[in-house]
Amino acid sequence: MTDSADVRDTAHATDAANSADAADLGGPGRLPLTLRRERAVRAAVAQGLIGAHAPVAGLLDVTGIREDARALHAAFAEATAPGTPVLHAFAVKAAPLVPVLELLRAENIGAEVASPGELALARTAGIEPELTVLDSPAKTTAELREALDLGIAVNADNPQELARLDALLTERDPAAAPPRLGIRINPQVGGGSIEALSTATATSKFGVALRDEGARDWLVRAFLDRPWLTRLHTHTGSQGIPLDLLAAGLTETVALAEEINHKAGRRQIDTLDIGGGLPVNFHSDDRTPDFAAYARLLRREVPVLFGGGYGLVTEFGRALLAKHGTALARVEYTKTAGGRPIAVTHAGAQIAARTVYAPESWPLRIAAYDAEGRPKSGPAVAQDVAGPACFAGDLLARDRALPLLEPGDHTAALDTGAYYFAHHYAYNSLVRPPIYGFVAEGDPSAEGADEVRFAVVREQQGLAEVVAESGGGLRGALVGF
């Protein structure tokens with residue numbers, strides 16, 4: 001494996017190689033996203049990955065993940081000045097799955113972690129400390145100490161956390177490698193269409209609120225007093241945030257960095273962590289906006305960002321994985337209520353809590369497949385696609401026009417590669433579904449020439465695990481207490 005320091009120092013050479021590899025993906029056997037997904041669904045049914053024993057399963061398109069990882073590298077390699085160190089750190093919360101993190105590491109993608117659990121996953125996946133960034137609004141002293149000891153980059157969220165870092169640094173061996181530390185700011189440029197994911201509002205809980213009275217002066221002084229602070233971090237938001245708002249947040253961040261460096265009389269801030277936040281199109285298979293368009297926008301609107309004076313860190317999550325996941329579920333029963341058909345499936349709130357509770361903000365495309373996993377044909381009929389949880393709102397789609405579903409058919413919730421089946425909601429003690437990575441190859445024009453290979457990413461949870469997690473080994477703890 002390439003030495004991790006070399007990965008950062010040779011970012012542009014790596015990106016160029018990745019671009020060439022991405023072009024090679026267009027050769028013989030290369031299938032488009034939609035056809036890969038359709039063949040994977042059919043193969044999953046034929047190979048028995050989904051059925052009575054496992055009525056819901058997640059499918060991850062390995063080819064698509066690799067493509068988007070390489071597209072991200074290529075987009076920033078094209079936009080940045082030669083020699084600019086760029087670290088792309090995947091937001092682990094988007095897909096906390098060790099095999100996925102390992103796959104991304106093989107594509108020279110690091111990890112952005114926000115908890116001890118996420119850090120443990122990243123380390124298990126082989127992601128080196130120098131390719132890891134710790135962000136969280138509630139880091140404990142123990143977490144900070146571990147990050148410093150490992151050499152992980154840390155973005156302090158607030159003045160109290162910075163004071164903890166002050167104290168911890170007094171304990172360090174003076175001969176130790178210098179820490180990579182920064183401060184997260186909230187540029188307070190406004191919110192997008194999804195309030196819960198808008199992190200640059202006037203009252204956001206994240207970072208130092210830049211426009212609050214006295215905050216800017218405090219930030220400048222905090223850096224001038226601490227020569228070891230060398231980074232600024234911001235994240236304006238993610239889904240529902242327009243690109244111009246993302247650019248506005250970064251404009252404020254760059255202006256602050258330039259001010260601090262000017263007053264310091266040197267380039268004290270040498271790295272800007274620009275977060276992630278590129279929104280995903282949930283209405284079609286098109287990747288819009290894509291990484292190249294975003295990088296070009298930032299180069300136009302925030303040119304200093306790409307001028308070579310600052311190293312860059314990105315923290316994309318949903319934008320890398322969403323398009324490459326499919327949540328496949330078996331239709332158990334069908335019925336009607338009030339004259340409207342209802343297909344009762346095994347995929348609902350346990351895999352798509354956001355869609356169930358906030359369908360206007362998180363609509364999902366649903367594809368219909370027959371009992372053999374082939375695209376379902378027939379006239380479109382408005383129907384509900386329901387999940388297995390015992391509450392009325394457990395619906396993945398309401399009044400959705402689809403070929404009329406029947407027992408034994410399958411539904412596929414598309415664009416679910418991030419924040420869906422990897423984030424289990426244990427309503428009704430429903431088990432976590434299995435997840436499989438797949439590679440689909442073959443002749444696009446030949447019905448029977450395809451080949452689909454699967455690898456287990458996560459086993460289906462067993463009932464014994466459900467019982468154990470629910471205190472099954474602690475019987476008697478409360479009886480007669």
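Counting only strands (runs of 3 or more DSSP E) that fall entirely inside the stretch 180-292 and contain at least 1 residues that are within 18 Å of ALA163 (Cα to Cα), the qualifying elements are 181-186, 229-233.
So is LEU474 surrounded by 12 or more Cβ atoms within 10 Å (Cβ to Cβ) and either touching a residue at least 60 places away in the same chain (Cβ under 8 Å) or outside the structural domain of ARG66 (by TED's automatic domain parsing) (or both) or not? No; evaluated as a whole, the condition is false for this residue.
Return yes or no: is ALA397 farther than 19 Å from LEU33 by Cβ, among the hydrophobic types (A, V, I, L, M, F, W, C), surrounded by 18 or more Cβ atoms within 10 Å (Cβ to Cβ) and without any contact (Cβ under 8 Å) to a residue 40 or more places away in the chain? Can you show your working first?
Details: farther than 19 Å from LEU33 by Cβ: yes; among the hydrophobic types (A, V, I, L, M, F, W, C): yes; surrounded by 18 or more Cβ atoms within 10 Å (Cβ to Cβ): yes; without any contact (Cβ under 8 Å) to a residue 40 or more places away in the chain: yes.
Yes, satisfied.
Of all residues in the stretch 352-369, one or more are surrounded by 18 or more Cβ atoms within 10 Å (Cβ to Cβ), in contact with a Gly (Cβ under 9 Å, 6 or more places away or on another chain) and part of a loop (DSSP other than H, G, I, E, B).
Being over 22 Å from LEU119 (Cβ atoms) and either buried (at least 20 other Cβ atoms within 10 Å of the Cβ) or not assigned by TED's automatic domain parsing to the domain that holds VAL431 (or both) is the requirement here; does ALA89 meet it?
The answer is no for ALA89.
Search the stretch 238-249 for residues being without any contact (Cβ under 8 Å) to a residue 60 or more places away in the chain and buried (at least 16 other Cβ atoms within 10 Å of the Cβ), and hand back the single one that is farthest from GLY192 (Cα to Cα). Talk me through it step by step, then tell me what you get.
Just the residues of the stretch 238-249 that are without any contact (Cβ under 8 Å) to a residue 60 or more places away in the chain, to begin with: 241-247.
Remaining after also requiring buried (at least 16 other Cβ atoms within 10 Å of the Cβ): 241, 243, 245-247.
On the way: ILE241: 4, LEU243: 10, LEU245: 8, LEU246: 10, ALA247: 13 Å.
That would be ALA247.
Can you tell me which residue among GLY182, GLY151 is within 30 Å of GLY126 (Cβ to Cβ), in contact with a His (Cβ under 7 Å, 6 or more places away or on another chain) and among the small types (Gly, Ala, Ser)?
Details: GLY151 fails: in contact with a His (Cβ under 7 Å, 6 or more places away or on another chain).
Being within 30 Å of GLY126 (Cβ to Cβ), in contact with a His (Cβ under 7 Å, 6 or more places away or on another chain) and among the small types (Gly, Ala, Ser) holds for just one of GLY182, GLY151, which is GLY182.
Return a yes/no flag: does the stretch 452-466 have any residue that is more than 16 Å from ALA54 (Cβ to Cβ), in contact with a Phe, Trp or Tyr (Cβ under 9 Å, 6 or more places away or on another chain) and in the same structural domain as ILE351 (by TED's automatic domain parsing). Yes, the stretch 452-466 has at least one match. All conditions in (1) more than 27 Å from ALA413 (Cβ to Cβ); (2) touching a strand residue (DSSP E or B) at 6+ places or on another chain (Cβ under 8 Å); (3) of a type in the set (A, V, I, L, M, F, W, C) hold for ILE241, with the sole exception of (1). The conditions of being out of contact with any Lys or Arg (no Cβ under 8 Å at 6 or more places or on another chain), at negative phi, part of a loop (DSSP other than H, G, I, E, B) and not hydrophobic (A, V, I, L, M, F, W, C) are met by SER377.
Please pick out the residue among GLU406, GLU372 that is in contact (Cβ under 8 Å) with a residue 12 or more places away in the chain, assigned to a loop (DSSP other than H, G, I, E, B), of a type outside the set (Ser, Thr, Tyr) and loosely packed, with under 13 Cβ neighbours inside 10 Å. Explain how you work it out, then say what you get.
Numbers: GLU406 fails: loosely packed, with under 13 Cβ neighbours inside 10 Å.
Testing whether each residue is in contact (Cβ under 8 Å) with a residue 12 or more places away in the chain, assigned to a loop (DSSP other than H, G, I, E, B), of a type outside the set (Ser, Thr, Tyr) and loosely packed, with under 13 Cβ neighbours inside 10 Å leaves just GLU372.
When restricted to residues that are in contact with a His (Cβ under 8 Å, 6 or more places away or on another chain) and within 18 Å of LEU278 (Cα to Cα), the stretch 87-131 contains 3.
Applying the condition of being buried (at least 20 other Cβ atoms within 10 Å of the Cβ) and of a type in the set (Phe, Trp, Tyr) to the stretch 190-237 and asking which residue is nearest to the chain's Cα centre (by Cα) yields PHE206. Evaluation of SER284 against the conditions (1) surrounded by fewer than 23 Cβ atoms within 10 Å (Cβ to Cβ); (2) closer than 28 Å to ALA114 by Cα; (3) among the hydroxyl-bearing types (Ser, Thr, Tyr) shows that the sole unmet condition is (2). Inside the stretch 265-290, residues that are touching a Leu at 6+ places or on another chain (Cβ under 6 Å) and hydrophobic (A, V, I, L, M, F, W, C) make up a count of 3. Against the test of being of a type in the set (A, V, I, L, M) and either assigned to a strand (DSSP E or B) or closer than 27 Å to HIS346 by Cβ (or both), the options ALA111, ALA71 yield a single qualifying residue, ALA111. Among the residues of the stretch 423-457, none is identified as of a type in the set (A, V, I, L, M), in a loop (DSSP other than H, G, I, E, B) and either touching a Pro at 6+ places or on another chain (Cβ under 6 Å) or on the phi > 0 side of the Ramachandran plot (or both).
Per-residue answers, yes or no, for (1) charged (D, E, K, R); (2) within 15 Å of ILE366 (Cβ to Cβ); (3) touching a residue at least 12 places away in the same chain (Cβ under 8 Å); (4) out of contact with any His (no Cβ under 8 Å at 6 or more places or on another chain):
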| site | (1), (2), (3), (4) |
| --- | --- |
| VAL304 | no, no, yes, yes |
| PHE316 | no, no, yes, no |
| ALA319 | no, no, yes, yes |
| ALA329 | no, yes, yes, no |
| PRO341 | no, yes, yes, yes |
| VAL344 | no, yes, yes, yes |
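Restricting attention to the stretch 129-161, and to residues there that are surrounded by fewer than 17 Cβ atoms within 10 Å (Cβ to Cβ) and of a type in the set (A, V, I, L, M, F, W, C), which single residue is nearest to ASP270 (Cα to Cα)? Residue satisfying both the conditions and the ranking: LEU150.
The values are calculated or read from the model by the stated rules, or taken from the named source; none is laboratory data. Since the model is a prediction, treat every value here as computed from it, not as a measurement. Ideal geometry is used to build each Cβ from the backbone, glycine not excepted, and the neighbour counts take in all protein chains shown.
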